[in-house]
1. For a quick check of your reading of the model, give me the residue pairs whose first member lies in segment 10-33 and is closer than 26 Å to Asp84 by Cα, whose second is assigned to a loop (DSSP other than H, G, I, E, B), with beta-carbon atoms closer than 6 Å and at least 6 apart or on different chains.
2. In this structure, does Glu37 turn out to be more than 16 Å from the ligand (Cβ to nearest atom), touching a residue at least 24 places away in the same chain (Cβ under 8 Å) and on the phi < 0 side of the Ramachandran plot?
3. Which residue pairs have Cβ atoms closer than 6 Å, lie 6 or more positions apart in sequence or on different chains, and pair a first residue in segment 76-90 that is farther than 24 Å from Gly100 by Cβ with a second residue that is surrounded by 23 or more Cβ atoms within 10 Å (Cβ to Cβ)?
4. Please give the strands (runs of 3 or more DSSP E) falling wholly within segment 1-113 in which 2 or more residues are surrounded by fewer than 18 Cβ atoms within 10 Å (Cβ to Cβ).
5. Of all residues in segment 115-124, which are of a type outside the set (Val, Ile, Thr) and surrounded by fewer than 15 Cβ atoms within 10 Å (Cβ to Cβ)?
6. Filter segment 98-108 down to residues that are of a type outside the set (Gly, Ala, Ser), more than 10 Å from the ligand (Cβ to nearest atom) and touching a Lys or Arg at 6+ places or on another chain (Cβ under 9 Å), then give me how many there are.
7. Scan (1) closer than 15 Å to Tyr103 by Cα; (2) within 16 Å of the ligand (Cβ to nearest atom); (3) of a type in the set (D, E, K, R) for the single condition Arg4 breaks and write down its number.
8. Just to be sure before I move on: is Phe54 more than 16 Å from the ligand (Cβ to nearest atom) and out of contact with any helix residue (DSSP H, G or I) (no Cβ under 6 Å at 6 or more places or on another chain) in the structure I sent?
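Readers should treat all values here as calculations from the given coordinates under stated rules, not as data from a laboratory. These numbers come from a predicted model, not from an experiment. Glycine also receives a Cβ, built like all others from the backbone with ideal geometry; neighbour counts cover every protein chain displayed.
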Amino acid sequence: MSWRQRIAEEAQQSYPHECCGILLGKNAPDGKFEVTEIRALPNRIQGEGRGTHFEADPLFLYQVEREIEGSGLEIVGFYHSHPDYEAIPSREDVENMVPGLVYVIISVTREGIADIRSYKNDIKC
Ligand SMILES: [Zn+2]
């Protein structure tokens with residue numbers, strides 16, 4: 001199963017809540033990227049806000065950074081789902097985008113995956 005299929009599956013399983021995670025792999029100098037592993041991030045937000053908001057646990061992120069240290073893997077980017085919403089970055093998403101990292105957004109509805117789009121430096125890729 002490809003990483004895109006895996007995050008699509010996770011988005012469907014999390015529905016109607018948002019899912020989020022880290023893409024691990026390698027960045028090529030030409031701007032291309034390769035994802036070899038994914039790590040789901042637990043959402044710190046419980047209850048009502050879960051469907052529309054995501055807050056990653058900084059400790060978990062730190063643990064993943066420690067884990068990949070010296071492994072040759074790097075954080076290529078992040079993915080998250082938009083339950084019942086288009087695969088376009090929200091204002092909050094754009095504000096949080098780190099230059100050079102890939103952001104994959106999965107649009108998911110009750111019927112399944114509607115769209116998957118990747119963005120880098122605020123541009124579709
Ligand atoms: Zn978003």
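1. From segment 10-33, the pairs are Glu10/Cys19; Ala11/Cys19; Glu18/Phe54; Cys20/Phe54.
2. Details: more than 16 Å from the ligand (Cβ to nearest atom): yes; touching a residue at least 24 places away in the same chain (Cβ under 8 Å): yes; on the phi < 0 side of the Ramachandran plot: yes.
So Glu37 passes the test.
3. Going by the 6 Å Cβ cut-off, the qualifying pairs are Pro83/Val108.
4. Details: elements: 20-27, 33-41, 74-83, 102-109.
In segment 1-113, 20-27, 33-41 are the strands (runs of 3 or more DSSP E) which contain 2 or more residues that are surrounded by fewer than 18 Cβ atoms within 10 Å (Cβ to Cβ).
5. Step one: list which residues in segment 115-124 are of a type outside the set (Val, Ile, Thr), which gives 115, 117-122, 124.
Passing the criteria: Asp115, Asn121, Asp122, Lys124.
6. So the first thing to find is which residues in segment 98-108 are of a type outside the set (Gly, Ala, Ser), and the list is 98-99, 101-106, 108.
Within this subset, residues satisfying the condition of being more than 10 Å from the ligand (Cβ to nearest atom) are 98-99, 101-102, 104, 108.
Retained after the next criterion (residues that are touching a Lys or Arg at 6+ places or on another chain (Cβ under 9 Å)): 99, 101-102, 104.
So the answer is 4.
7. Arg4 satisfies all of (1) closer than 15 Å to Tyr103 by Cα; (2) within 16 Å of the ligand (Cβ to nearest atom); (3) of a type in the set (D, E, K, R) except (2).
8. Numbers: more than 16 Å from the ligand (Cβ to nearest atom): no; out of contact with any helix residue (DSSP H, G or I) (no Cβ under 6 Å at 6 or more places or on another chain): yes.
No: the conditions fail for Phe54.
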